[in-house]
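See below for the structure under consideration.
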2 protein chains.
Amino acid sequence: MTKDDALFQFLLRMGDNTLILGHRVSEWCGHSPVLEEDIALANTALDMIGQTQLWLGLAGEVEGNGRSADDLAFLRDAWDFRNVLLTELPNGDFGQTLMRQFLFDAFQSVMLNWLQDSSNTRIAEIAEKASKEVSYHLERSGDTVIGLGDGTEESHAKMQAALDYLWPYVGEMFDGDAVDAVLAKEGIAPDPAELRPEFDAIVGAVLAEATLTVPDSPFVHKGGRDGRMHTEHLGHLLTQMQWLQRAYPGATW
Amino acid sequence: MTKDDALFQFLLRMGDNTLILGHRVSEWCGHSPVLEEDIALANTALDMIGQTQLWLGLAGEVEGNGRSADDLAFLRDAWDFRNVLLTELPNGDFGQTLMRQFLFDAFQSVMLNWLQDSSNTRIAEIAEKASKEVSYHLERSGDTVIGLGDGTEESHAKMQAALDYLWPYVGEMFDGDAVDAVLAKEGIAPDPAELRPEFDAIVGAVLAEATLTVPDSPFVHKGGRDGRMHTEHLGHLLTQMQWLQRAYPGATW
């Protein structure tokens with residue numbers, strides 16, 4: 001694998017994570033339990049779509065075939081997506097959405113923290129910009145996990161159920177492969193396994209305060225970040241997300 | 001409006017009803033409560049898709065622009081569909097699906113009965129073929145409505161709720177307009193209002209045996225058969241139904 005091949009894959013992973021999760025979160029628009037949360041979720045989704053533009057824009061440049069961020073977002077099929085499975089899971093209830101967001105935000109914050117010192121200055125710049133937004137997302141999703149986890153009996157039970165459901169998808173984010181090895185050697189991106197202790201510290205502190213228990217099952221769902229196997233949910237998401245560009249090819253604002 | 005314009009619209013109405021309801025029913029495939037019902041629903045869906053092929057095939061011929069049944073099914077957007085709203089409503093639970101099927105089957109059986117004597121021989125032929133399938137659908141959905149309506153307290157309550165939800169969509173099937181007037185004059189298709197007494201007789205007998213009560217609200221949801229206003233459900237259905245032809249234009253077996 002050449003460095004550019006690895007770099008392209010890495011940028012797809014970064015961009016697809018924020019694209020797919022951003023789209024998922026946007027599904028809440030107009031449906032949240034209270035107005036404040038509706039706006040907060042829509043803003044979070046917008047931040048992620050904005051970051052997508054940067055990651056996939058750079059991916060298109062690195063690939064060198066003239067594909068824009070929009071082309072990559074709207075004209076690839078499921079098997080070409082490189083997002084981790086966590087990001088494509090259904091929203092479930094509000095608590096499950098926020099638990100998923102918290103787990104992703106915690107990962108993303110330690111990843112972006114590392115990438116700000118990437119030897120690739122373009123990546124470092126994007127990471128620095130995105131990092132500011134993600135710190136805020138993490139603060140917000142963490143606070144909500146604590147508020148609902150350490151809330152009523154019902155909200156606690158729902159958050160524990162969400163954590164039990166989502167936890168087996170956490171491991172994939174730290175499951176490095178040849179792509180990561182090539183980039184780690186060049187100081188471009190980390191071996192994701194190295195990020196795990198910092199993630200565990202952040203997540204452990206919040207979940208403890210939320211009075212929630214990390215499941216001790218070692219099972220890990222994988223297959224998204226290397227495109228080997230996505231869940232059935234991704235295809236359904238793409239039919240809706242890509243509808244306009246598929247039905248009206250080349251449509252612009 | 002020319003006769004051919006009216007005929008095209010009428011054929012779209014017939015074909016879109018069976019296409020959209022057929023697609024909806026196919027969503028049950030692999031998810032029904034028991035294997036027997038799963039297979040029965042899949043067969044019903046297939047019959048309706050088969051009828052669609054005939055109606056939309058003839059529609060394409062009448063239009064004369066070279067559009068095939070597939071083109072009409074997969075390459076029109078929501079505003080060009082002419083199905084009644086009843087057919088695009090979500091499946092809900094098994095009982096709701098069967099109640100929707102029963103109401104449509106009852107309409108379709110009296111419509112096809114009339115159309116077998118249409119002055120347009122192509123239409124009469126399609127009606128004769130489809131009629132055999134629909135008699136069986138009606139018998140089956142009617143029996144299920146009776147079995148569940150006059151069943152346990154819980155199944156009765158669910159069927160009554162389904163009827164209450166679906167009944168306001170019944171009126172649209174009999175709501176004639178200029179298209180119908182043009183065709184009725186030529187003996188090609190009926191003024192649908194004339195079909196209502198026979199429909200009411202069929203439906204009334206089954207619902208009475210099912211111990212269900214017809215809601216006495218006069219409200220009628222309209223807008224599907226003239227394409228003025230579909231529900232939000234149609235767009236979501238189309239994103240999934242049309243995905244393949246939109247993503248891979250011209251794909252064939």
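The values are calculated or read from the model by the stated rules, or taken from the named source; none is laboratory data. Remember, predicted model here, so these are calculated numbers, not experimental data. Note: ideal-geometry Cβ built from the backbone for every residue, glycine included; neighbour counts use all protein chains shown. Surface accessibility is based on the protein's heavy atoms, side chains included, excluding ligands, DNA and RNA. Shrake-Rupley method; radii C 1.70, N 1.55, O 1.52, S 1.80 Å.
Per-residue ellipticity at 222 nm for the protein assembly as shown, helices alone: DSSP H runs ≥ 4 residues times -39500 (n - 2.57), over residue total, nearest 500 deg cm²/dmol?
Taking each H run of at least 4 residues, the total per residue is -21000 deg cm²/dmol.
For the protein assembly as shown, report the accessible area per residue in Å² (1.4 Å probe, heavy atoms, rounded to an integer).
It amounts to 44 Å² per residue over the protein assembly as shown.
Computed on protein heavy atoms with a 1.4 Å probe, what is the summed buried accessible area for the chain pair B and A, in Å² to the nearest 100?
1100 Å²
I need the inter-copy label distances for residue B:61: point set 7 Å along Cα to C-beta, values in nm with one decimal, smallest first.
When each copy's label point is compared with this one, the spacings are 5.8 nm.
Using a 1.4 Å probe on the protein heavy atoms only, what accessible surface does residue B:186 show? Give it in Å² to the nearest 10.
Here the residue's solvent-accessible area equals roughly 90 Å².
With each pseudo-label sitting 7 Å past Cα toward Cβ, what's the residue B:139-residue B:117 distance in nm, one decimal?
Result for the modelled spin labels: 2.4 nm.
Shape verdict for the protein assembly as shown, please, from the Cα gyration tensor: rounded (a/c under 1.5), prolate (a/b greater than b/c) or oblate.
It is prolate, given that a/c is not under 1.5 and a/b is the larger ratio.
How much accessible surface does residue B:141 have with a 1.4 Å probe, in Å² rounded to 10?
Rounded to the nearest 10, the figure is 0 Å².
Under a plain spin-label model, where a point goes 7 Å from the Cα along Cα-to-Cβ, how far apart in nm are residue A:175 and residue A:191?
Here the answer is 1.8 nm between the modelled labels.
Taking the Cα centre as origin and putting +1 on Lys and Arg beta-carbons and -1 on Asp and Glu beta-carbons, what dipole magnitude results for the protein assembly as shown, to the nearest 20 debye?
1040 debye
Please work out the C-alpha center-to-center distance from the range B:118-167 to the range A:108-175 and express it in whole Å.
51 Å
Note the full-extension length gain between residue A:34 and residue A:214 as 0.36 nm times their separation in residues minus their Cα-Cα distance, in nm to one decimal.
62.0 nm
Going by alpha carbons, how many degrees (0 to 90, nearest 10) lie between the helix axis of A:121-149 and the longest principal axis of chain A?
Relative to chain A, helix A:121-149 is tipped by roughly 20 degrees.
As a test of reading the structure, rank A:5, A:77, A:177 by solvent-accessible area (1.4 Å probe, protein chains only), most first.
Result, largest first: A:5, A:177, A:77.
Can you give the accessible area of residue A:133 in Å² (nearest 10), computed on protein heavy atoms with a 1.4 Å probe?
50 Å²
Where does the charge balance sit around residue B:148 when Lys and Arg score +1, Asp and Glu -1, over other residues with C-beta under 11 Å from its C-beta?
-3
Taking θ as phi - 60°, what are the ³J(HN,Hα) couplings along the range A:82-87 by the Karplus curve (6.51, -1.76, 1.60), each to the nearest whole Hz, with x for Gly and Pro?
Whole-Hz 3J(HN,Hα) from phi for the range A:82-87: 10, 6, 5, 4, 3, 6.
Please get the size of the charge dipole for the range A:71-222, origin at its Cα centre, with Cβ charges of +1 on Lys and Arg and -1 on Asp and Glu, quoted in debye to the nearest 20.
For this selection, approximately 220 debye.
Please arrange A:236, B:137, A:230, B:221 by accessible surface area, largest first, computed with a 1.4 Å probe and ligands excluded.
Sorted by accessible area, descending: A:236, B:221, A:230, B:137.
Output, in nm with one decimal and in ascending order, the distances from the residue A:139 label point to the matching label points of the other copies (7 Å from Cα along Cα-to-Cβ).
Those separations, rounded to one decimal, come out as 7.0 nm.
In nanometres, what is the gap between the two model label sites at residue A:93 and residue B:205, each 7 Å from Cα along Cα-to-Cβ?
About 4.8 nm separates the two model spin labels.
Would you mind listing the distances between the residue B:164 label point and the same position in each other copy? Use 7 Å along Cα-to-C-beta, nm, one decimal, shortest first.
3.4
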